[in-house]
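Structure first, commentary second.
The values are calculated or read from the model by the stated rules, or taken from the named source; none is laboratory data. These numbers were taken from a predicted model, which means no experiment stands behind them. Reconstructed Cβ throughout: ideal geometry from the backbone, glycine too, with neighbour counts over all protein chains shown.
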Amino acid sequence: MSSSGAVRVRIAPSPTGYFHVGTARMAIHNFLFARATGGTFGLRIEDTDVDRSRQEFVDVILEGLTWLGIRWDEGPVYQSERQGLYAPYVEQLLNNGRAYRCVCTPEDLAREREEARARKQDWKYSGRCRGLSDDEIRRLGAEGRPAAVRLAVTNEGETAFDDLIGGTFRRRNEDIGDFVIARSDGRALYNFAVVVDDHLMEISHVIRGNDHINNTYKQVLLYQALEWDIPQFAHAPLILRPDKSKVSKRKGDPSVIDYRDQGYLSDALLNFLCLLGWSPGDNREIFSLEELIAIFQLERVSQSNPILDPIKLEWMNGEYIRQIPVPDLAGQVRPFVVQAGLAAESEMVSRAAWFERVVAQLQERCKTLVEFSAAGAFFFRAPSEYDVKGVEKHFSKPGVSDRLRRLAEAWNKTVDFESETIGATMRALAEKDGTKLAVYIHPARLALTGATAGPGLFELAALLGREECLARLQHAASAIDSGLGT
RNA sequence: GUCCCUAUCGUCUAGCCCGGUCUAGGACACCGCCCUUUCACGGCGGCAGCACGGGUUCGAAUCCCGUUGGGGACGCCA
């Protein structure tokens with residue numbers, strides 16, 4: 001813990017060009033923890049691997065966090081800009097004998113690794129260079145053999161740490177081995193940079209993925225060698241795909257940005273990711289950000305790997321879609337409708353009130369924002385074809401085209417064209433015919449929307465407007481007379 | 001392979017620390033019924049699980065050991 005006792009956490013993603021849902025989940029955990037404790041949440045970009053890091057990849061992460069509503073209080077701090085900070089501490093360790101220079105070549109190490117594999121053992125460095133004197137190092141350096149720096153790890157005892165999520169973790173030191181903390185070109189390596197940065201940033205709690213546990217032992221060793229306070233750790237299990245393997249870009253798993261583009265609401269995704277592998281203990285599942293801040297507890301994060309179930313995410317997104325006020329929802333759906341080519345942005349602006357009514361009709365029928373375009377396309381353009389099963393069922397009965405024409409005639413004569421009058425007209429027609437209302441409704445729906453399912457007929461007809469409805473009714477009647485449905 | 005972690009319905013989980021209240025609760029999905037102009041929403045009901053084997057105990061989902069399964073880490077990557 002930092003000397004002040006204040007909670008300071010951070011998320012430290014490496015910019016790989018993909019905003020992993022696991023990264024998002026850890027960001028959420030850190031963020032909630034900071035908010036709940038009045039602490040500080042920082043963002044640090046782990047880009048010491050200059051070959052793989054690019055600004056545009058960083059931008060993806062910032063964009064994703066911002067979209068999710070996760071605000072960071074400090075940073076982004078770029079590790080690549082902090083190289084100068086690490087060198088003195090490497091030097092310190094070298095001087096007090098806790099670290100040593102290693103002149104093994106990549107080939108030497110590859111050979112060691114192969115031998116270990118042949119013996120079916122975990123590879124760890126032999127410690128061959130540990131006894132080399134400064135003179136020898138200098139001589140080998142003159143021969144063109146640059147030296148990396150390794151931490152000297154004792155073979156005695158074990159390294160252990162208490163984890164807020166996983167309890168006590170321990171590992172024998174002899175299984176860890178002397179690991180590299182600085183490359184032969186002088187640049188610090190991940191494990192070293194993390195420890196120095198976390199110390200300098202006074203990080204009190206390191207909340208990260210399970211995949212770092214074996215790094216944590218090394219980092220604890222480093223804290224001890226540097227004689228620094230060790231932060232509190234919390235390692236959350238990794239999110240798995242339905243096939244139980246790691247979520248990955250290569251396998252085509254959606255990134256946070258992908259979920260956004262597929263029409264998921266940021267609040268829903270945040271809620272879902274937070275609930276994945278965590279439960280408040282009661283049976284609630286839907287939480288606002290404020291509620292999450294109040295009730296989220298790291299200690300209650302489960303210790304086994306959760307599988308991301310896209311179906312449940314979809315359900316939760318539907319819950320959010322149904323929950324939010326129509327004007328908000330309409331605003332979120334709008335870009336998707338424009339994207340789908342149903343209407344121009346300018347048209348959406350001029351018909352904003354009408355569009356809100358459309359969205360209200362679709363609200364409880366869509367689970368993602370993209371679905372609105374498919375489910376509501378008929379609001380923007382006449383159906384180009386009629387559902388085949390629907391045609392068989394509703395357009396093939398004798399007298400259908402006649403009924404559609406009589407409906408058009410009746411609709412043409414009403415004083416206004418609102419859902420009440422539309423419905424009343426149809427009921428009157430059905431009554432006069434001595435038939436059920438359904439006899440009019442189903443063919444009319446098919447004629448107006450091209451589909452057999454959708455919003456209430458009276459409501460959608462009103463939104464379509466009298467003129468458009470009459471045209472679609474006539475068109476369907478003609479199509480039926482021309483042989484459609486027979 | 002070695003090391004580390006882990007194990008409740010198909011999936012997410014509650015319960016486990018402090019054994020009896022668990023004929024194991026909730027959610028998603030699925031099935032049925034109701035509501036209903038269709039679909040959806042909503043309501044009601046159903047299906048389905050303590051991985052296995054040993055202990056400990058009057059009693060174990062809960063404690064201990066082992067087996068098996070799953071995941072992660074084994075880089076001069078992060």
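Values computed for the structure shown
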| item | result |
| --- | --- |
| Residue in region A:369-379 that is in contact (Cβ under 8 Å) with a residue 60 or more places away in the chain and farther than 30 Å from A:Asn271 by Cα present | yes |
| Flag for A:Arg117 being of a type outside the set (A, V, I, L, M), in a strand (DSSP E or B) and within 8 Å of RNA strand B (Cβ to nearest atom) | no |
| Filter result for A:Glu81 (charged (D, E, K, R), over 24 Å from A:Ala188 (Cβ atoms) and not in a strand (DSSP E or B)) | no |
| Cross-chain or 6+ apart pairs with Cβ under 6 Å, region A:438-463 first and under 15 Å from A:Phe379 (Cβ atoms) and in contact (Cβ under 8 Å) with a residue 60 or more places away in the chain, then among the acidic types (Asp, Glu) and more than 8 Å from RNA strand B (Cβ to nearest atom) | A:Ala451/A:Asp387 |
| Hits in region A:156-181 - residues which are more than 8 Å from RNA strand B (Cβ to nearest atom) and not in a loop (DSSP other than H, G, I, E, B) | A:Glu158, A:Thr159, A:Ala160, A:Phe161, A:Asp162, A:Asp163, A:Asn173, A:Glu174, A:Ile181 |
| Test for A:Ile286: is it within 13 Å of RNA strand B (Cβ to nearest atom), over 23 Å from A:Gln363 (Cβ atoms) and of a type in the set (Val, Ile, Thr) | no |
| Selected residue [surrounded by fewer than 21 Cβ atoms within 10 Å (Cβ to Cβ) and modelled with pLDDT under 95] from A:Glu364, A:Glu385 | A:Glu385 |
| Long-range neighbours under 7 Å by Cβ, at least six apart or interchain, first residue within 14 Å of A:Val301 (Cα to Cα) within region A:260-289, second within 14 Å of RNA strand B (Cβ to nearest atom) and among the small types (Gly, Ala, Ser) | A:Gly277/A:Ala236; A:Gly277/A:Ser302; A:Trp278/A:Ser302 |
| Given (1) closer than 30 Å to A:Ala353 by Cβ; (2) within 14 Å of RNA strand B (Cβ to nearest atom); (3) of a type outside the set (Asp, Glu); (4) surrounded by fewer than 19 Cβ atoms within 10 Å (Cβ to Cβ), number of the condition A:Tyr320 does not satisfy | (4) |
| Any chance A:Arg208 is surrounded by fewer than 23 Cβ atoms within 10 Å (Cβ to Cβ) and either touching a Pro at 6+ places or on another chain (Cβ under 9 Å) or in a strand (DSSP E or B) (or both) | no |
| Restricting region A:294-316 to residues that are farther than 25 Å from A:Thr368 by Cβ and under 19 Å from the mean Cα position of the chain (by Cα), the residue that is nearest to RNA strand B (Cβ to nearest atom) | A:Asn305 |
| Selected residue (criterion: surrounded by the most Cβ atoms within 10 Å (Cβ to Cβ)) from residues of region A:257-291 that are of a type in the set (S, T, N, Q) and under 23 Å from A:Ala340 (Cα atoms) | A:Ser266 |
| Residue tally, condition within 12 Å of RNA strand B (Cβ to nearest atom) and either hydrophobic (A, V, I, L, M, F, W, C) or surrounded by 14 or more Cβ atoms within 10 Å (Cβ to Cβ) (or both), over region A:92-107 | 4 |
| Hits in region A:140-153 - residues which are in a loop (DSSP other than H, G, I, E, B) and more than 41 Å from the chain's Cα centre (by Cα) | A:Glu143, A:Gly144, A:Arg145, A:Pro146, A:Ala147 |
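Yes/no matrix, rows are residues, columns are (1) touching a Pro at 6+ places or on another chain (Cβ under 8 Å); (2) over 20 Å from A:Ala461 (Cβ atoms); (3) part of a loop (DSSP other than H, G, I, E, B):
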{"position": "A:Trp315", "(1), (2), (3)": "no, yes, no"}
{"position": "A:Glu319", "(1), (2), (3)": "no, yes, no"}
{"position": "A:Arg322", "(1), (2), (3)": "no, yes, no"}
{"position": "A:Asp328", "(1), (2), (3)": "no, yes, no"}
{"position": "A:Pro335", "(1), (2), (3)": "no, yes, no"}
{"position": "A:Val349", "(1), (2), (3)": "no, yes, no"}
{"position": "A:Phe355", "(1), (2), (3)": "no, no, no"}
{"position": "A:Leu369", "(1), (2), (3)": "no, yes, yes"}
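Yes or no, residue by residue, for (1) within 12 Å of RNA strand B (Cβ to nearest atom); (2) in a helix (DSSP H, G or I); (3) not charged (D, E, K, R):
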residue	(1), (2), (3)
A:Leu109	yes, yes, yes
A:Arg130	no, no, no
A:Arg138	no, yes, no
A:Gly186	yes, no, yes
A:Val196	no, yes, yes
A:Asn214	yes, yes, yes
A:Tyr217	yes, yes, yes
